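The values are calculated or read from the model by the stated rules, or taken from the named source; none is laboratory data. Bear in mind the structure is a predicted one, so any value in this text is a computation, not a measurement. Cβ coordinates were reconstructed from backbone atoms using ideal geometry, including for glycine residues, and neighbour counts include every protein chain displayed.
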Amino acid sequence: MSNAAVKATGLDRHVHEVEAKVTALSNALATLGRGTTLAELLKLIHFPGYTTPAEFAITMAVLDSMSAQVESLTKMQNELVAATKMIVKAK
């Protein structure tokens, strides 16, 4: 498909929309990946009064859930890139 045909069909707009979403998500993950918030948590847990068994259980559950979500995001990201490569090679 020629560049003119791509623009005429609106695919160019779609590419820009996907590009914007990918860039925004990548930036959000990069910010999250700095680890500054969890570094603060590591400081806070050493203060007196942290933690009761119930608070420990809640903290561990949240951390386990967050870890599972990161694993899931990593898997989804890899699968999306692999599938997109298949799409591009098929054309």
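All conditions in (1) assigned to a helix (DSSP H, G or I); (2) exposed (fewer than 11 other Cβ atoms within 10 Å of the Cβ) hold for Pro48, with the sole exception of (1).
Quick check on segment 61-71. Is at least one of its residues modelled with pLDDT of 95 or more, part of a helix (DSSP H, G or I) and of a type in the set (Ser, Thr, Tyr)? Yes, segment 61-71 has at least one match.
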